[in-house]
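J.: One structure coming up, written as C-alpha cells, with questions to follow.
Where a number appears in this text, it was derived from the coordinates with a stated rule and is not lab data. Just so it is clear, the model here is predicted, and its values are computed rather than measured. All Cβ positions, glycine included, derive from the backbone under ideal geometry; neighbour counts span all protein chains shown.
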Amino acid sequence: MTSHLGLMIVFALFVSTVFATLMRDDPKQQLMFGARLFAGFIASGIVIGWLLYPLPL
Amino acid sequence: MKPHSGPIRAATAERVQPVNAFLICAAAWAVPGLGHLWLGRRQKGIVFLIAVPLMFVFGLWLEGRLFPFQISEPLVALAFIADLGIGLPYFIAKSIGAGAGRVVAITYEYGNAFVIVAGLLNMLVVLDAFDIAKGRK
C-alpha cells in the first residue's frame, strides 16, 4: 500500500474523482470523464517514470 | 465545463438569492461539500464530503505534516495556506495532535502531497460553490 505505484494510484483516484465531479454535472459523464482522467494520470506517471529512468540521479 | 441549462441555473440562482454567496463559501470551506449540499447539488456535495476529507486523513495517516505559518520560510508558508484550504478538518487534526509529520518516515513526502492537494482541491470546490451561488453554473 505504501509503494510508490500504489500511492500514485490512490492519489490519482482521489484527484480524478474530485475533478470529474467538479467539471461534469451528469453522473454518467462524471464516471466517463473520471475514468479517462484516472487512466491519463496513471499512464503519464508510468511514461514519465520510464523517461526519467536513464537519468543518473 | 458544461454549464447547467437555463431553467436549472435560474432556479439555483433564485433559491440562493436570499443567502449571501460568501456565507455559502465560508460553509463550503469549513466543511468540504457543505456549500454544494446547501445549494441543492446533493450528489456533488456528498462526493466532496467523502473524497476530500478522506484524502486529507489519508495524508495524515501517511505521516504528512500540517505546516505552521512561517513567513521566514516562504514554501512552508505556502504549504500552510494550502493545508488551511481543507477548513475545519485542519483545526480538528491540530487539536488532536495529528499532523506532526515524521520526516524520517518513508511516506512523509507522500503524506504532505495528499494533505496539501486535499486543501487545494477544497479551494476549487469553494470556487465552484461560489459560481453556483452567483448563478453562473
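J.: Taking the Cα centre of the protein assembly as shown as the origin and placing charges on Cβ (Lys, Arg +1; Asp, Glu -1), which of B:Pro32, B:Ala100, A:Thr21 is farthest toward the positive end of the dipole?
T.: Most positive-ward Cα: A:Thr21.
J.: Between chain A and the stretch B:90-137, what is the separation of their alpha carbon centroids in Å?
T.: 18
J.: Working out 0.36 nm times the residue gap between A:Leu5 and A:Met23, then minus their Cα-Cα distance, what length gain in nm do you get to one decimal?
T.: 3.9 nm
J.: Okay, next question. Which ³J(HN,Hα) values in Hz, rounded to whole numbers, follow from the phi angles of the stretch A:25-35 under the Karplus curve 6.51 cos²θ - 1.76 cosθ + 1.60, where θ = phi - 60° and Gly and Pro get x?
T.: 9, 7, x, 5, 5, 4, 5, 5, 5, x, 5
J.: Oh, and also: log10 I(q)/I(0), Debye, Cα-only chain B, no solvent, q = 0.10 Å⁻¹?
T.: -0.37
J.: I've got another one for you. Over 29 Å between C-alpha atoms is what I'm after, so list which of B:Lys94/B:Lys137; B:Lys94/B:Lys134; B:Lys44/B:Lys94 land there.
T.: B:Lys94/B:Lys137; B:Lys94/B:Lys134
J.: Suppose each label sits 7 Å from its Cα in the direction of the beta carbon; what would the B:Leu124-A:Leu51 distance come out to in nanometres?
T.: Calculated label separation equals 2.1 nm.
J.: Also, quick follow-up: How large is the dipole of chain B about the Cα centre if only Lys and Arg carry +1 and Asp and Glu carry -1, each at its Cβ, rounded to the nearest 20 debye?
T.: Charge dipole, chain B, about its Cα centre: 580 debye, nearest 20.
J.: Name the helices (complete DSSP H segments) of chain B with a Cα length along the long axis of 24 Å or more and a Kyte-Doolittle mean of at least -0.5, or state none.
T.: Helix filter hits for chain B: B:42-61, B:108-133.
J.: Under 5 Å between amide hydrogens, which residues at least 5 positions from B:Arg65 or on another chain qualify, with H placed 1.01 Å from N in the peptide plane?
T.: B:Asn112
J.: Can you work out ³J(HN,Hα) from phi for every residue in the stretch B:97-106, in order, using Karplus 6.51 cos²θ - 1.76 cosθ + 1.60 and θ = phi - 60°, giving whole Hz and x for Gly and Pro?
T.: x, 7, x, 5, x, 10, 4, 7, 5, 5
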